[in-house]
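Engineer: Dropping the structure in here first, questions after.
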Amino acid sequence: MDEIVSLDTFQPFDGMIKMFPHHNFPYFNCDYNLLLTLANYFEKDELPILNNVISIYRFDKQKIQTRGYFKLEVLDLEEGDQILEEMGISIRRESPTLDTLQDEIINSISKGHPISIFIDLFYQRGRDFYYNKKHGLHPVFVYGFNLTNGEIYTVDDITEYKPYSLPFSEFKLSCMTSEHVKMPNYFWEYALVSPADHEILNHKKSAHTSINKFVENMFRYQNEITESLNSILLLAENFELILTNETIIETLSSTIYRKCSEKYRLNTLYKYNLDHINAKDTLDPLLDQIINDWKTVRFYSNKVIMSQTFTGEIIDKCMGLLTKIYTNEVHFNNQFYLMLKAARL
């Protein structure tokens, strides 16, 4: 019989995949997937995590020839640690030697504590962009260990966000590399703080507080979010120049999954009686249209890049789509704030 130490109820956050099957979209970025997975395991409300993000369009003409000329930027309102602390989850950070790493993992998991370990992607098979090419630290959940065959069980997003198993000997190579100078405490253990140390609010009250906080934060950033929509028009104006930049597909893809993340959050918020004016009937089709139009811009851009034929017709089509996205975003933004205003009263 295999000797396996494992957190049996540990499951990756799957809200986005349920809403967008066949897509490997994170909720805004991999850090949020990690926080949502922890909330799920410790049976905590996901609202404080979902509501921690403000997304703002940015365009920077100076960067057209490089990276970052356009993005739907993710602003974190609070540090991840702070959110976890408010939810009653503690983090212990350690830097075990490679000789003691296996014992540390088994010890944490035996206590029911998941771990995230920061690995160097240079050593991670399956990650084509990094493997044997480029260094970079990345957190991987560890939730089990098989002592019989020396395998480690992880949750990661190599091809999609799901459980993986791999030889511990291979995993160990990616821990404690020269890259880890940037983050010496690469081993993070998560545990529930005992109720005596953490004032537990009942679910309803904490959800209500979280919704109010979300509404106030959105109003705090209202002007910046509204003004940032002009970045879409700047992208349209400069689209011909941008099409020759090979990062365009990556740029459009991250915009798409971040808009999809907004849709996931909006659908969750509806469940908490946020919509007093039936804005959903306007907001949902608008957001779907915006997402689809971004996908169409990506489709045409891909076509141009693959064929290397930069025709005026396709550039005009993309510019037309971007103008339409802008118009729909303005409409969406107006309705969204009307809904929040009604929720405030």
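Engineer: Could you tell me which residue of the range 67-96 is surrounded by the fewest Cβ atoms within 10 Å (Cβ to Cβ), considering only residues that are without any contact (Cβ under 8 Å) to a residue 12 or more places away in the chain and not in a helix (DSSP H, G or I)?
Structural biologist: That would be E79.
Engineer: Got at least one residue in the range 140-151 being farther than 15 Å from S6 by Cβ, in contact with a strand residue (DSSP E or B) (Cβ under 9 Å, 6 or more places away or on another chain) and either open to solvent by less than 10 Å² (accessible area, probe 1.4 Å) or modelled with pLDDT under 95 (or both)?
Structural biologist: Yes; the residues of the range 140-151 include at least one that is farther than 15 Å from S6 by Cβ, in contact with a strand residue (DSSP E or B) (Cβ under 9 Å, 6 or more places away or on another chain) and either open to solvent by less than 10 Å² (accessible area, probe 1.4 Å) or modelled with pLDDT under 95 (or both).
Engineer: Condition test on L269, is it within 25 Å of Y221 (Cβ to Cβ), open to solvent by less than 30 Å² (accessible area, probe 1.4 Å) and either part of a helix (DSSP H, G or I) or touching a residue at least 60 places away in the same chain (Cβ under 8 Å) (or both)?
Structural biologist: Judged against the criteria, L269 is a match.
Engineer: So in the range 152-171, with the set limited to residues that are in a loop (DSSP other than H, G, I, E, B) and of a type in the set (D, E), which one is modelled with the lowest pLDDT?
Structural biologist: Of everything passing the filter in the range 152-171, E160 is modelled with the lowest pLDDT.
Engineer: Hey, among the residues in the range 1-31 that are surrounded by fewer than 22 Cβ atoms within 10 Å (Cβ to Cβ) and in a helix (DSSP H, G or I), which one's modelled with the lowest pLDDT?
Structural biologist: Residue satisfying both the conditions and the ranking: C30.
Engineer: Quick check on I54: is it touching a residue at least 24 places away in the same chain (Cβ under 8 Å), of a type outside the set (D, E), in a strand (DSSP E or B) and surrounded by 16 or more Cβ atoms within 10 Å (Cβ to Cβ)?
Structural biologist: So I54 passes the test.
Engineer: Out of the residues in the range 107-139 meeting the condition of being among the hydrophobic types (A, V, I, L, M, F, W, C) and open to solvent by 30 Å² or more (accessible area, probe 1.4 Å), tell me which one is farthest from E170 (Cα to Cα).
Structural biologist: It comes out as F129.
The values are calculated or read from the model by the stated rules, or taken from the named source; none is laboratory data. This is a predicted model, so every value here is computed, not measured. Cβ atoms come from the backbone with ideal geometry, glycine included; neighbour counts cover every protein chain shown. Surface areas here come from the heavy atoms of the whole protein model, side chains and all, with no ligands, DNA or RNA. Shrake-Rupley method; radii C 1.70, N 1.55, O 1.52, S 1.80 Å.
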